[in-house]
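Below is one structure, written out as structure tokens; the observations come after it.
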Amino acid sequence: LATWATESVSSSIDLNLYHPKLYFARDNYIIVYMRYVTLVIKVLVIFAVILLGYYFIYLLPHKGEIKEASSHYSNLVQNRTAYVNLTKLDSKSPSFDIQKSNLVGIIKETNAKGLEKPINEEERRFFEKQNEILDRVFATDSYEEGVAILKSDESIKLLIDQSNLIDQIKKNIEG
């Protein structure tokens, strides 16, 4: 009787190991795992498609506009810096003539670049008005008279307009 009971218990254990439901449960874990893996792969593929769409539909076409706006922004900032530094020059300085000619050259170069292909009418108007003011400055006999024109209310208003234009272009670049 004792041997029969032990054989019965051991055989029932062996039967449970090879029971079809246990194999099904083990296979079920593999199926669930594969479902998660396929779900993750699908999500990654959808995410990649969305990113590619964003790049080709939005970023690529706007890349040229942003580059052009950055060029205009840089040109305006360089022009403004040279213009302001021209008003701050000391006429008694030994390097006055060199500094003056460098700054005037920068202003003329940035004005020419700005008038080539302006971003809008405001930029064109600004550079044309600045050229008019510079023509009046160059027509004067002394540096002090020229600086008086550069520091006039008209020039200050022009610099304020330039600051507003620079801020506007910067906002367009930043989005």
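The values are calculated or read from the model by the stated rules, or taken from the named source; none is laboratory data. Here the structure is a predicted model, which is why all the values come from computation and not from measurement. Cβ atoms come from the backbone with ideal geometry, glycine included; neighbour counts cover every protein chain shown.
Things worth noting here:
- Here F24 clears all of (1) modelled with pLDDT of 80 or more; (2) of a type outside the set (D, E, K, R); (3) surrounded by 10 or more Cβ atoms within 10 Å (Cβ to Cβ) except the condition numbered (1).
- Residue in the range 127-153 that is surrounded by the most Cβ atoms within 10 Å (Cβ to Cβ), counting only those that are closer than 15 Å to R80 by Cα and charged (D, E, K, R): K129
- Flag if I119 is in contact (Cβ under 8 Å) with a residue 24 or more places away in the chain, part of a loop (DSSP other than H, G, I, E, B) and either within 18 Å of N172 (Cβ to Cβ) or of a type in the set (S, T, N, Q) (or both): yes
- Within the range 87-96, restricting attention to residues that are closer than 17 Å to E145 by Cβ and more than 39 Å from the chain's Cα centre (by Cα), the residue that is surrounded by the most Cβ atoms within 10 Å (Cβ to Cβ) is S91.
- Residue list for the range 122-158, filter: small (G, A, S) and not in a helix (DSSP H, G or I): A139, S142, S152
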